[in-house]
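Report on the following structure.
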Amino acid sequence: MILTDIQNYLIKHRKASLEELAMYAHSDADAIRLMLNRLIRKGRVKQIEGKKCGGCHSCTPESIEFYEWKINNCK
């Protein structure tokens, strides 16, 4: 069920950080990352490079790790 929820969230929002997806699914970021990797292998999602700010180091790695739904996919 969570895999479908993540997929639907990305379809709706087009892109999201790992932190957003983990909060949405009420799950651990590592578990969400495993599910995202499955969607990546299926060609439905791609990881995109997040932009780091000036270097204060206060952002969590999960907040700058982004994933995007590949627009050409069917639901």
key: Selection within segment 1-37 - of a type in the set (Lys, Arg) and in a helix (DSSP H, G or I)   = 12, 33
request  = Residues being under 17 Å from residue 72 (Cβ atoms) and open to solvent by less than 30 Å² (accessible area, probe 1.4 Å): count how many of those fall in segment 1-49.
outcome  = 5
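The values are calculated or read from the model by the stated rules, or taken from the named source; none is laboratory data. Because the structure is a prediction, the values reported are computed rather than measured. Glycine gets a Cβ as well: all are built from the backbone with ideal geometry, and neighbour counts include every protein chain shown. The accessibility values were calculated without ligands, DNA or RNA, using every heavy atom of the protein model including side chains. Shrake-Rupley method; radii C 1.70, N 1.55, O 1.52, S 1.80 Å.
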